[in-house]
Every structure is written in C-alpha cells, then in structure tokens.
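Just so you know, all these numbers are worked out from the coordinates, no wet-lab data involved. Just so it is clear, the structure is predicted and the values come from calculations on it, not from any experiment. Neighbour counts run over all protein chains shown; Cβ positions are idealised from the backbone, glycine included.
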Amino acid sequence: MMDSREARSSAAITGSSAVPARALPSVAEHSATAQTRAVRALWIAGRWLLLALVIGFFLLPIAFLASTSLKTKDDVLSGNFLPATIFWQNWPDAFRSIELLLFMRNSVIAAGLSALLTLLIAVPATYAMVRFGAGGKHLYTFVLASYTAPPVVALVPLFFLLRRLNLIDSLIGLALVYGLANVPVAVWLLDSFIRQLPQAIEEAAWVDGAGIAGTLVRIVTPLIAPGIVATGIICLILSYNEFLFAVTLTYRPETQTLPVGIALFQGDRLVNFGQMAAASLTGMAPVYIVALFFQRWLIRGLTTGAVK
Amino acid sequence: MVLRTAVAPRFSSRGLWPRLMVAPLIIGLTIFAVYPLIYLVFLSASKSALGRTFQAWVGLGNYRTALEDTVFTQALVRSVVFAVPVTAIEVLAGVGIAVLLSNTRRGGNVFRTLILLPLMTPPIMVATSWKLIFHPTGGLLNGVLQSLGLTDRPISFLGSSRWAFPAIAVADFWQWTPFVILLAYASLQTLPSEVQEAALVDGASGVRAFVSVTLPLLGPALAAIFLLRVILAFKVFDLVYSLTFGGPGFDTNIGTFQIFRMAFRQFDVGYAAAQTIVFGLLVGVVTLPIVIARNAMIRHWT
C-alpha cells in the first residue's frame, strides 16, 4: 500500500514539473528532458516492435496455410514460405476430393440448433436465478462446477443415452449434446448482462401489470439483446468447432461435421497438403467472417464474464 | 419507497414462474451432468464392452487395474504436466502482452481483432496449420532451420519423443494466449486510471510500479484467468488427436485421449469409465487449490 502511494505522488510530481520544464528549459533540465525523451522514444519503438512480433506470430500459421493452399504438390515440399508460382487449382480440387459443403452444412445445422437450445434454456434460467434466487445458491454453483469437468467425462454415458434414444449418428442428437454442453458458458456470460440492468425498470413493468414472464420477454430480453447475441455467437462457434463429441457420436458423411471431415481427410495417407490447406481455410472462413463482423460484441461477451 | 415495498416481495424464488424458468436448466443438468456421473459409477464397477454393457460386476477391479496400468497413470501425469506449465506460460505471456497493449494508444482495436482469430479457429484446423509448420518434408520450421544452417537433416518434430509434446504445447499456446490477452487487457481497463498512470509512468520505474501496484490489484482477476485456463487445458483432445494421435508410442497420450482410446478404439467402456472417474477426480484435485487461492486473494485484497 505504501508503494502505491509513493508511486502516485511521484507521478504527480513528474506530471506537474514536466509542463514548466518544457515552457522554460534551463540547460540542465534541457539535457535531462532530452535524455528522457530519447529513452521514451526507444521504449515506444521497442513496444511497437514487440507488438509487431506478437502479431506476426499469431498470424503466421494462418498465412502459411494460405500460402500452402496456393502451392503445387512439388512446391509444398520446398519448405519456402511463399509459393514458387501461384497454383489456384487446389481450391476447386479440394471441393472435389472432400465433401466440404456437406460437412459445412452439417456443422451449421448442429451449431445453429444447439445455440438456439442453449439460449432457450439459459436466458430464462439465468434471469430466474439472478433476480429471484431460483434454485437456491447451489444451483448456480453446480452449473458452473459442471463446466470444470472435461467433456470426455460425459462422453460414454451420452453415447449410450443417444443410442437408446435412436439419436446416435444424427445431427439432432449432436445438437442436443452441444446445446446442453454450452449451457454453463451461456449462464456465466448472461449473468453479468442481467446484473447490469437496473432493477427499477423491471419493478416499473410489474407495477404496470406485466407478469414475470412478460417482463422477461418484453422488457429484459430487448435490453440485454447485445449480451444474448454475443452469447449466441460464442455458443455457435463453440459447437461449430467441437470435435470430441462429433467424432464419437457420428459416423456417416451425412452427419459428420467439418472438423471431423478435415481430420479424416488429414488422416488419409496420400493427403495433398495444398488441398488440405484450401479445405481448412474454407472451413475457417465462416468463423472468421463472424469474428470480424461481431468483434466488438464478441470481445465484450468474452471479457465481461471474467472481469466481474 | 411505497412502490418498493409493494413490489419487493415478488423478487423471491417462491413464485411459480421462477421455478418454471429454471426447470429446463435442471433437466439439462440432469442429462448432461448427473446422469453421466451415476452411469459412470455403475459402468466402472462392471465388465462392459461398447457393444455389450454390464456383462458382469467386478467391483473395484477396474480401478485396481487402472492404478496399476502405467499407460493410464502416465497419461494422468502427462495431463497435469501439460495443463499447469502451459497455463502458467500462457498467463505470463498473455499478461505481458496485455500490459504492452494497454500502453499503446493507437492500433489497440486492430490488434485485438486480429488476435481474436487464433481463438476462433477450430482446434482441428489449428492442428492442420501447425502440422504444416512442423512437417519434416516441406514444413516451414524445417525450411527455416535448414536455410539458417542450424540442421542438415529435417527433424520430424511430431514424430520425435523429445519434440512432440512441446509442439502440441506451441499449438495450444497459439490458440489460447489470445484469450488470456483479451481477459487481462479487460481487467487492466477496470483499474482506476490514476493507479495505472502512477504504475506505468515510464520504462524503468514502470516495471517496479507494475509489480508493486498493478499486479496485486490484478491478482484476483489473474487467478480467475489462470483457473479458467487450467480447466480448459485439461480438456485438450483435438490437438493430440490430429497432431500426434497420442504418439510417438504413448509420448503424447494424455488423460482425455487415453479415455477416448479405451472406450472407442479398444471398446472396454467399463475400464474407460473407471479411468474417467479417476481423471475427473485428478482435475478436481489440481483445480481446487487454485479456487481456494483465488478466494483467499479476494478476501485479502478487497
């Protein structure tokens, strides 16, 4: 605590002395400020260089994937970053050697249905838990605790449950599993959005005669719409990207999702790296478009939960 | 005031609607958490194959086998050895980058948007990208190493006992460090600006001020990020499946992958159930101290 006060007062001193020093520099002060200015410039340049390196690292694999997708079969073996000549043929060929569009369709169906299910469960439940303490203190704790268990724990039991329900190897079954799996994430994200709402608005709605359900549908839902959209998108992406359940609960191309399709394509002994890169990029494109389009909401959604 | 007392009783859990609203959640939890747990306990006490379950009761037999099975116990050790250090490195690097970023006025938004991409990439495609980089023939890393004259023969990173595990860790670092950066950056923004200004005046004294001022304030948030990352790191499966399939040998065979292999490749689901329960307990044992530490930090600093 002592240190923080020290630091704050030293900031006040440097802050107040900097202005007169610049207005009326004496010789000694001038060289001092020139020195600090040089240090500061170096510091800023160093920072930018570091950030550039960081960005370079995080974009490198995507860039190399893109570059590989434009290489010929022989060029792939060169180990160079850039293709020797641009070879577009991998892209149409990728669509021919793997049923990309079918896999993507399956992924979108499973992800869409599951996100809908997650929101239908999580929005009313979170509202009831946050505002009315429904389910008591333990329900909320239990929801979050269930997320700490690795999904592999539920894998074998769910496999038998789906088989009994005749939902094994079906998109409905997969969507059901995803929908339930993502509920803790959704509750956790929605919680902070609901808490931020002033209770007075809801109280006013009740005075006007709206019931609890009416208030949720007509007042609360529109007000937390950004939170619901962010939550929905995060659940969509989680389901679209999921692999463990998809690879164990589906078997036919008609039900397999994109990550499974790509993983199987990769496992092929005669895999063509150029085509594999093109197929992977095609599968990543929808997520990237959503991420870039909704980046503000996504970042807010991802961070509000953690920074409570 | 009159209004408040008139309405306040309705903010209670006793009505019909609040109960109706949590009912689907409770049903969902029953299907996804309660039922699997009960089913696993029974399954683990039985001799069961994927095609024919509950052939005989074996009591604790599967657990005894599990604890004596070095392939399994080593997989558990590997899960911990993966989750904890990888998380520590990611949190350290992520917080460092977030601090760097919070000192930069321009370009912050562009940076945060670009950094979102690794996080959003399907893990199987993360594996594809890194496979291309690590590949012995035509891989970028081998290309660079050879052109720098550091190696004369291409290294099969994913096929070597020495490099396969670090290679998976690098792919995981690439995917998840952005998450830490975003969370740490958001936490930094919640600090009062005067404290931040004080803490980050300039280079030399900035480092000291950061350690003694910002870091303690950030403590509880960092513990939460660490906890979340450890939990997620124990779930890793896709990267192992796609990059090494547990190999070479069993060198990258971690808990999740071992359970998957036992249930869906060797079809011994009774044994897999026992392994699952032991693995679940292990995850609890590792994460619980972090929960306790975080709660202690919150009590200590606020």
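Select from chain B the helices, each a whole stretch of DSSP H, whose alpha-carbon atoms run 15 Å or more along the helix axis and whose Kyte-Doolittle mean is at least 1.6; answer none if there are none.
B:16-29, B:70-102, B:215-233
For each of B:F157, A:F293, A:F160, count neighbouring Cβ atoms within 10 Å of the residue's Cβ, then give the residues from fewest to most.
A:F293, A:F160, B:F157
Mean Kyte-Doolittle hydropathy of 0.0 or higher plus an axial Cα length of 27 Å or more: which whole DSSP H helices in chain A meet both?
In chain A, the long hydrophobic H runs are A:27-68, A:100-132, A:273-293.
Is it possible to state the helix-based mean residue ellipticity at 222 nm for the protein assembly as shown, with each DSSP H run of 4+ residues giving -39500 (n - 2.57), the sum divided by total residues, to the nearest 500 deg cm²/dmol? What is it?
-24000 deg cm²/dmol
How do A:L60, B:L239, B:L117 rank when sorted from fewest to most other Cβ atoms within 10 Å of their own Cβ?
The most exposed by this proxy come first: A:L60, B:L117, B:L239.
Once amide H atoms are built 1.01 Å from N in the peptide plane, which residues 5 or more positions from B:S46, or in another chain, come under 5 Å H to H?
Those lying under 5 Å, H to H, from B:S46 are B:V58.
Given the options A:A210, A:A34, A:A263, state which has the largest fluctuation in a GNM of chain A using a 10 Å cut-off (strictly under) for Cα springs.
It is A:A34.
Under 26 Å Cα-Cα from A:K137, which lysines qualify once same-chain neighbours fewer than 8 residues away are excluded?
Cross-link targets: A:K308.
Given Cβ point charges of +1 (Lys, Arg) and -1 (Asp, Glu) and nothing else, what value in debye, to the nearest 20, does the dipole of chain B about its Cα centre take?
The calculated dipole for chain B is roughly 800 debye.
Choose one answer from B:L76, B:L243, B:L101: the residue with the largest mean-square fluctuation in a GNM of chain B with alpha-carbon springs under 10 Å.
The residue with the greatest mean-square fluctuation here is B:L101.
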